[in-house]
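A.B. asks: Take a look at this one; I'll ask things after.
Laboratory data are not the source of any read-out in this text; all were calculated from the coordinates shown. Just so it is clear, the structure is predicted and the values come from calculations on it, not from any experiment. Neighbour counts are summed over all protein chains in view; Cβ atoms, including those assigned to glycine, are modelled from backbone coordinates with ideal geometry.
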Ligand code: BGC
């Protein structure tokens, strides 16, 4: 829909001779003065002092963006933009800086086209596979640092919609299918990011669980299901991080667009969760002035169609009360003071490339999930003279990344294109220049390492036949703006893997996917490693795992089903043509005016991910929470102590011969009669253990994680009764079990 939209921006900037200097000048302006610069006052007090000085026009200025080339109208003021997705003009007279927003899901987006450099981290879903809260903090901190270095003071990242629909093209940007895992992880990403004095945001609020018809779909779902699934992830993330912004999503929820949905924005977000930051619309997700404002939308992006002149008129006519307008402004200013973007504005600087590589590689090593390892096929022995066949997925030059507004530009351009090709184009398949062939060769110095592109299965099988080991790389590209037609590996890669596996009994499959895939060859290969989209240093992380320098520890944050027939919905509901116009300048106006709704009903409700397969008794390929290691662990001594938080204690021992980190998971089954799926994740602990070592672990479970959402009382409720706590290495292997009565 928005082919090369930011490319258009840079081209226009060059043609019009627009300098990016004004933005730079704003960041380097003299320190503002005024009573609101007294840092001993609270962010709320400081915001109020500024508001007292503001004219109506100045207030309105903060409530909207200034446009985006290639995406609707662009204001003359846009020249101050730093080149990111959003630019809000500041108020120099009062020392309020511009807000320079950049997409930054797994790194700062579109840096290449601004002549800059960003680290690509492993994609967000990959990071969730680490289940590592410290790694999540580092993830956010790195993005925050690089945003500042590039002159941005707000990130558009923090995607936390649940993997309700495994074919959703944006699942790679989100944090999996469990609300507690996703919520805790996004909370740490945002905390790390905002600690760098950058405004954070959590998105897309809410129920944006499919891309098909995202501007028009009406999601029907009952309140209890919504609160206990997708909304719970937001609730936890917001409580843990106090993010500056929440981005409301494109879709409708139970009749109203998310960005003018009073239940979502006011009743839940602002009243129940006491969210103090501001709500900004997804790009083009605003559809009204008075209704949206009353519902709780504070800020329109990217343009000023509804929150510019029409907002001024509505205020003057009394349709939007001044108190409501002031609340929108207050929330934005408060967030700016609270996050430190006024007291400590970013200074453009050079990104720490080496530091970025280190963080990215470490997180990638913690994110790759070992799914199968028959006869200890892995790790490979680097000292052995052997022949290794490397096959497929451009593994000679690069590793895949996920597309859309999350796309980070690879240094030097796409690894599979001729050098110097330039900036990335919307929805192009981008391969990062991190070469598995090179890193494997560098490890296995005595080995003969040969490459086959995998385009001809017979030639690949011939190479594999004469090798001691064959490593087949298989990929599944995904992006914003699309969903997958099915979960099969595209381009006949299943046939390639089957042929290679038939030729060589020591076949290892490395997956680079953003969603689960089906595996008709699962029984025919000896090892499978899910590497996701592993970022700038993916190949280094991969080689460390393949050769055992790093012991894998990651666990799946999503279920891998056996087949699409097992999903809650056989097919994604796709929009009729009237609800999904072809992209043109006019389509933009149609979207703003509101497209005819088409319906989808998420009647699986509470049964998202493993909760669905558990309830329906459907066997899966690899369950949620599953992942192997090169060592083994045992679990014993479960003890459950009720209290204000329930304390679940047990012992984990490393019974193998290598040091490792075990993610020990705790699940709970709620009392019969609550209508809940058989179990839910309620906590975990990542335990580092040397061979032979054992550690006592305690997981404290807060009451909300054991509660149901009572719609009549409009509150969380711990239902008195019998709760069974289970602990173990995955959602389907839970050797420890104990029941207690909770009142
Ligand atoms: C995406 C958002 C993104 C925004 C700005 C939208 O299309 O849904 O996630 O932040 O564009 O690029």
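A.B. asks: Run the simple label-point estimate for residue 711 and residue 586 please: 7 Å along Cα→C-beta, distance reported in nm.
C.D. replies: Label at residue 711, label at residue 586, 4.1 nm between them.
A.B. asks: While we're looking at this one, here's another question. Going highest first, how would you order 575-584, 605-614 by mean Cβ packing within 10 Å? Please list the in-between numbers first.
C.D. replies: Values: 575-584: 13.0, 605-614: 23.5.
Ranking the peptides 575-584, 605-614 by packing returns 605-614, 575-584.
A.B. asks: How far apart, in nm, are two points set 7 Å out from the Cα along the Cα-to-Cβ line at residue 348 and at residue 738?
C.D. replies: Result for the modelled spin labels: 6.0 nm.
A.B. asks: Can you give me the three principal axis dimensions of segment 303-405 from its C-alpha atoms, in Å, biggest first?
C.D. replies: On the principal axes, segment 303-405 reaches 81, 29, 26 Å in Cα extent.
A.B. asks: Another question about this same structure. Assuming R0 = 35 Å, can you tell me the calculated FRET efficiency for the pair residue 571 and residue 327, based on Cβ-Cβ distance, to the nearest 0.05?
C.D. replies: That gives a FRET efficiency of 0.25.
A.B. asks: Indicate, rounded to the nearest 5 percent, the antiparallel portion of the DSSP beta bridges found entirely in segment 366-559. Don't skip to the end; give the middle numbers.
C.D. replies: Details: 6 of 27 bridges.
Counting only bridges with both partners in segment 366-559, antiparallel ones make up about 20 percent.
A.B. asks: Using the eigenvalues of the Cα gyration tensor, what equivalent ellipsoid semi-axes result for the chain when each is taken as the square root of five times the eigenvalue, whole Å, largest first?
C.D. replies: Its equivalent ellipsoid spans semi-axes of 41, 31, 24 Å.
A.B. asks: Then there's this: With a point put 7 Å past each Cα toward its Cβ, work out how far residue 492 is from residue 641 in nm, to one decimal.
C.D. replies: Rounded to a tenth, the inter-label distance reads 6.3 nm.
A.B. asks: How high is the relative contact order of the chain, in percent, counting Cα pairs under 8 Å that sit 6 or more residues apart?
C.D. replies: Relative contact order, the chain: 14 percent.
A.B. asks: Once the Cα atoms of segment 485-568 are picked out, what are the Rg and Dmax in Å?
C.D. replies: When restricted to Cα atoms, segment 485-568 yields Rg and Dmax of 13.7, 40 Å.
A.B. asks: Please report, in whole Å, how far the alpha carbons of segment 366-559 spread along each principal axis, starting with the longest.
C.D. replies: The Cα atoms of segment 366-559 stretch 43, 35, 33 Å along the principal axes, largest first.
A.B. asks: Which percentage, to the nearest 5, of the DSSP beta bridges contained in segment 378-485 is antiparallel?
C.D. replies: 15 percent
A.B. asks: Under 25 °C and 0.890 mPa s, how fast does segment 5-339 diffuse according to Stokes-Einstein, given a Kirkwood radius computed over C-alpha pairs? Answer in µm²/s, whole number.
C.D. replies: 124 µm²/s
A.B. asks: Given a Förster radius of 30 Å and the C-beta distance between residue 375 and residue 688 as r, what FRET efficiency does 1/(1 + (r/R0)^6) yield to the nearest 0.05?
C.D. replies: That pair, residue 375 with residue 688, gives E of 0.65.
A.B. asks: Using packing as a proxy for protection, rank 97-106, 514-523 so that the peptide with the highest average count of other Cβ atoms within 10 Å comes first.
C.D. replies: On the way: 97-106: 26.9, 514-523: 20.2.
Final packing ranking: 97-106, 514-523.
A.B. asks: Would you mind listing how long segment 630-742 runs along its three principal axes, going by Cα atoms, in whole Å with the largest first?
C.D. replies: Sorted largest first, the three principal extents are 54, 24, 20 Å.
A.B. asks: Can you compute the helix-only [θ] at 222 nm over the chain? Use -39500 (n - 2.57) per DSSP H run of at least 4 residues, normalise by all residues, nearest 500 deg cm²/dmol.
C.D. replies: Estimated from H runs of four or more residues: -7500 deg cm²/dmol.
A.B. asks: What is the antiparallel percent of DSSP beta bridges lying wholly in segment 214-372, to the nearest 5?
C.D. replies: 20 percent
A.B. asks: Test of understanding: extend the Cα→C-beta vector of residue 220 to 7 Å, then name every residue of segment 555-591 with backbone N under 17 Å from that spot.
C.D. replies: Taking a point 7 Å out along Cα→Cβ of residue 220, the residues of segment 555-591 whose backbone N falls under 17 Å are 569-576.
A.B. asks: What angle do you read, to the nearest 10 degrees and between 0 and 90, between the alpha-carbon axis of helix 322-339 and the longest principal axis of the chain?
C.D. replies: So the helix axis and the longest Cα principal axis differ by about 50 degrees.
A.B. asks: A further question on this structure: When the Cα atoms of segment 76-148 are enclosed in a convex hull and the volume is divided per residue, what value in Å³ results? Display every interim value, and only then the final one.
C.D. replies: Values: hull volume 7.5 nm³, N = 73.
Once divided by residue count, the hull of segment 76-148 is 102 Å³.
A.B. asks: For the chain, take the longest principal axis of its alpha carbons; what is the angle in degrees between that and the long axis of helix 5-15, to the nearest 10 within 0 to 90?
C.D. replies: 60 degrees
A.B. asks: Roughly what angle does helix 493-503 make with the longest principal axis of the chain, taking Cα atoms, 0 to 90 degrees, to the nearest 10?
C.D. replies: Rounded to the nearest ten degrees, it is 20.
A.B. asks: I would also like to ask the following. Over all distinct Cα pairs, what is the inverse of the mean 1/r for segment 497-646, reported as the Kirkwood hydrodynamic radius in Å?
C.D. replies: 19.9 Å
A.B. asks: Shifting gears a bit: By average Cβ neighbour count within 10 Å, what is the ranking of 620-627, 636-643 from highest down?
C.D. replies: 620-627, 636-643
A.B. asks: For segment 347-479, what is the relative contact order in percent, using Cα pairs closer than 8 Å and at least 6 residues apart in sequence?
C.D. replies: That works out to 35 percent.
A.B. asks: Let me check against my output: what whole-number percent is the relative contact order of segment 232-317, with C-alpha pairs under 8 Å and at least 6 apart?
C.D. replies: That works out to 28 percent.
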